[in-house]
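The structure appears right after this line, and notes come after that.
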Amino acid sequence: MSYEPMLIELDSVCIERSNTRILDSVSLQIPVGQHVAIIGPNGSGKSTLLKVLMKFFYPSVVHGEAGTVRILGREDWNVWELRLHLGFISSDIDHHFSLGRSARLTPLQSVLTGFSSSELEPPPNTITPEMIAEATRLLELFQIRADSRQSVGHMSTGERRRVLLARAMVFNPRAIILDEPTAGLDILARSKLLGELNVIAAQGTQIILVTHHLEEILPCIERTILLKSGQVFRDGSTQAGLTGEVISELFEAPIRVERTSSGYYRTFLS
């Protein structure tokens, strides 16, 4: 029987910055193919955990030992090679494409930067017809015109977020890690983006969603990891974890949680 490694394995991972423990002995495993949400209030360590998965942060040495981070069974990843297997969308990336040099790119140029894991327009001699065809296909999948000359910096936040989603998928990655994907979107733009995430999940792309908004949790997400004060507060089925009692304790406020007929969650202050 062949063994398929876990998509993500963290064992006793601590992150310390300026003598502050941001992640405290975090251990978890996420199998290949399992849609997962990572939820917690501001300051719970979600963004730091994301940076660990993106290889921007490495485990701190605590009491002479460092925890381990394995992705697809390996610890020693080149960041650019990792992008072949994991796509990322974060507020930092969105910020870069909304301002400065990257903001002047067209949607097609922006998606093509994904092939080099750069945020600058790739040299024309590095772009193949196959790359253009795939970038065009992905833009059309997310309902963005590939021949648009509008710069991404002048697009609406929702449109730009869909461009970045296409960019994250140029290598058909095993999974996409999403950091607060609907931040800054209005109700209609949020609904549209969540619908498109449902589509790519149904087509076989694994979703790892990092958020503090229960309303973002897709119906396909069967497991939810709750973070609080840098530690795993709860890890289990989404339906069992997203109850008013659990969420009230997580956010330290009286919160009522309802699940809609479409499978999404809503929260209300009690």
Number of positions in region 142-158 that are in a loop (DSSP other than H, G, I, E, B) and either open to solvent by 50 Å² or more (accessible area, probe 1.4 Å) or closer than 20 Å to Val199 by Cα (or both): 9
Leu139 being closer than 30 Å to Thr267 by Cα, modelled with pLDDT of 85 or more, of a type outside the set (Asp, Glu) and not in a loop (DSSP other than H, G, I, E, B): no
Glu134 being under 30 Å from Pro31 (Cα atoms), open to solvent by 40 Å² or more (accessible area, probe 1.4 Å) and either in a loop (DSSP other than H, G, I, E, B) or out of contact with any strand residue (DSSP E or B) (no Cβ under 6 Å at 6 or more places or on another chain) (or both): yes
Residues of region 76-103 classified as within 16 Å of the chain's Cα centre (by Cα), among the acidic types (Asp, Glu) and open to solvent by 70 Å² or more (accessible area, probe 1.4 Å), total: 1
Matching entry among Ile200, Ile225, Ile207, Ile247 (being under 21 Å from Met169 (Cβ atoms), open to solvent by less than 20 Å² (accessible area, probe 1.4 Å) and at pLDDT 95 or above): Ile207
Complete set of residues in region 35-51 that are out of contact with any strand residue (DSSP E or B) (no Cβ under 6 Å at 6 or more places or on another chain) and surrounded by fewer than 22 Cβ atoms within 10 Å (Cβ to Cβ): Pro41, Asn42, Gly43, Ser47, Lys51
Hits in region 58-75 (condition: open to solvent by 50 Å² or more (accessible area, probe 1.4 Å) and either touching a Lys or Arg at 6+ places or on another chain (Cβ under 9 Å) or under 22 Å from Glu4 (Cα atoms) (or both)): Arg70, Arg74, Glu75
Residue in region 71-79 that is of a type in the set (Asp, Glu) and outside any loop (DSSP other than H, G, I, E, B) present: no
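The values are calculated or read from the model by the stated rules, or taken from the named source; none is laboratory data. Keep in mind the model is a prediction, meaning the values are calculated, not measured. Neighbour counts are summed over all protein chains in view; Cβ atoms, including those assigned to glycine, are modelled from backbone coordinates with ideal geometry. With ligands, DNA and RNA removed, areas are computed over all heavy atoms of the protein, side chains included. Shrake-Rupley method; radii C 1.70, N 1.55, O 1.52, S 1.80 Å.
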